[in-house]
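A.B. asks: Sharing a structure here in structure tokens format.
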Amino acid sequence: MAWIKSKRAWYADGLAFECTGCGGCCSGPGEGRVWAKPEEIAAMAEHLGMEVEAFKEAYTRRFGSRVSLTEAPNRDCIFLEPRNEQGQRRCRIYPVRPTQCRTWPFWPSNLRTATSWAMTQTHCPGINRGSLHPLEEIEDEKSHTWG
Ligand code: SF4
Ligand code: SF4
């Protein structure tokens, strides 16, 4: 009998995720990149009431043909706010944050295998916590790429 490879994703029953607001994925100490497309830069600039060129000058850096948000000296994203009374760190531009931020943690690299997903939990306490996200939502987020 021929072996038929199942096309069913390992996360077909959904995955639990609920952000705790710890800010870990937006902060140092390691250097990071937050890729931003031109339309995302325009939206962020508008949100802050800035001209696009002024926004680029203040908050972005170029890597070849790609543009990333810049970082504070401690490697935190420039838009990550200090810890509040609830112990959370908020994004100053949350409603217009780039796709890379918006689609976390449903990135192809995290979804590759159940082990990849479990590894993600080691640096994101929101993994396997809270409500279940259905397969359709996960696949939709996964389909968005950045850069
Ligand atoms: S590391 Fe996870 S729980 Fe913490 S802010 Fe980022 S997404 Fe939320
Ligand atoms: S733009 Fe906001 S969500 Fe994205 S890394 Fe910076 S602080 Fe985090």
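The values are calculated or read from the model by the stated rules, or taken from the named source; none is laboratory data. Here the structure is a predicted model, which means the values were calculated and not measured. Please note: Cβ atoms are built from the backbone with ideal geometry, for glycine as well, and neighbour counts cover all protein chains shown. SASA here: full protein model, heavy atoms, side chains in, ligands and nucleic acids out. Shrake-Rupley method; radii C 1.70, N 1.55, O 1.52, S 1.80 Å.
A.B. asks: How many residues does region 103-144 hold that are among the polar types (S, T, N, Q), more than 16 Å from ligand 2 (Cβ to nearest atom) and either in a loop (DSSP other than H, G, I, E, B) or more than 14 Å from the chain's Cα centre (by Cα) (or both)?
C.D. replies: 7
A.B. asks: I'd like the full set of residues that are open to solvent by 90 Å² or more (accessible area, probe 1.4 Å) and not in a helix (DSSP H, G or I), limited to region 50-63.
C.D. replies: Initial filter on region 50-63 (open to solvent by 90 Å² or more (accessible area, probe 1.4 Å)): 51, 53, 57, 62.
Of everything in region 50-63, those that are open to solvent by 90 Å² or more (accessible area, probe 1.4 Å) and not in a helix (DSSP H, G or I) turn out to be Glu51, Arg62.
A.B. asks: How many residues, within region 12-49, are open to solvent by less than 60 Å² (accessible area, probe 1.4 Å) and more than 16 Å from ligand 1 (Cβ to nearest atom)?
C.D. replies: Within region 12-49, residues that are open to solvent by less than 60 Å² (accessible area, probe 1.4 Å) and more than 16 Å from ligand 1 (Cβ to nearest atom) number 12.
A.B. asks: Then there is this: Among the numbered criteria (1) under 20 Å from Asp140 (Cβ atoms); (2) without any contact (Cβ under 8 Å) to a residue 24 or more places away in the chain, which one does Ala42 miss?
C.D. replies: So the condition that Ala42 fails would be (1).
A.B. asks: Further, regarding this structure: Just one of (1) of a type in the set (A, V, I, L, M, F, W, C); (2) more than 14 Å from ligand 2 (Cβ to nearest atom); (3) open to solvent by 50 Å² or more (accessible area, probe 1.4 Å) trips up Ile78, so point out which.
C.D. replies: Result: Ile78 fails condition (2) only.
A.B. asks: Please specify each residue of region 64-75 satisfying the condition of being surrounded by 14 or more Cβ atoms within 10 Å (Cβ to Cβ) and more than 26 Å from Ser143 (Cα to Cα).
C.D. replies: Glu71
A.B. asks: Would you point out the residue of region 29-49, among those that are small (Gly, Ala, Ser) and part of a helix (DSSP H, G or I), that is nearest to the chain's Cα centre (by Cα)?
C.D. replies: Step one: filter region 29-49 for residues small (Gly, Ala, Ser), giving 30, 32, 36, 42-43, 45, 49.
Right, trim to part of a helix (DSSP H, G or I) and you get 42-43, 45.
Numbers: Ala42: 19, Ala43: 17, Ala45: 19 Å.
Here the residue is Ala43.
A.B. asks: Contact list please: Cβ distance under 7 Å, first residue in region 84-99 and free of Cβ contacts under 8 Å to residues at least 24 places away in the same chain, second residue part of a loop (DSSP other than H, G, I, E, B) and within 15 Å of ligand 1 (Cβ to nearest atom), pairs at least six apart or on different chains.
C.D. replies: Here the result reads Asn84/Arg90; Arg92/Phe79; Arg92/Glu81, each pair linking region 84-99 to a residue that is part of a loop (DSSP other than H, G, I, E, B) and within 15 Å of ligand 1 (Cβ to nearest atom).
A.B. asks: Take region 81-140 and flag every residue that is among the aliphatic types (A, V, I, L, M) and either touching a helix residue (DSSP H, G or I) at 6+ places or on another chain (Cβ under 8 Å) or open to solvent by 80 Å² or more (accessible area, probe 1.4 Å) (or both). If you could, list the steps in order and put the result at the bottom.
C.D. replies: Keep residues of region 81-140 that are among the aliphatic types (A, V, I, L, M), which gives 93, 96, 111, 114, 118-119, 127, 132, 135, 138.
Those that are among the aliphatic types (A, V, I, L, M) and either touching a helix residue (DSSP H, G or I) at 6+ places or on another chain (Cβ under 8 Å) or open to solvent by 80 Å² or more (accessible area, probe 1.4 Å) (or both): Ile93, Val96, Leu111, Met119, Ile127, Leu132, Ile138.
A.B. asks: Here's another thing I want to ask about it. Among the candidates Cys25, Cys19, which residue alone is assigned to a helix (DSSP H, G or I) and under 29 Å from Thr115 (Cα atoms)? Break it down stepwise before answering.
C.D. replies: Values: Cys19 fails: assigned to a helix (DSSP H, G or I).
After ruling out the rest, the residue left standing is Cys25.
A.B. asks: Can you pull out the residues in region 67-80 that are in contact with a helix residue (DSSP H, G or I) (Cβ under 7 Å, 6 or more places away or on another chain) and of a type outside the set (A, V, I, L, M, F, W, C)?
C.D. replies: Thr70, Asp76, listed by residue number.
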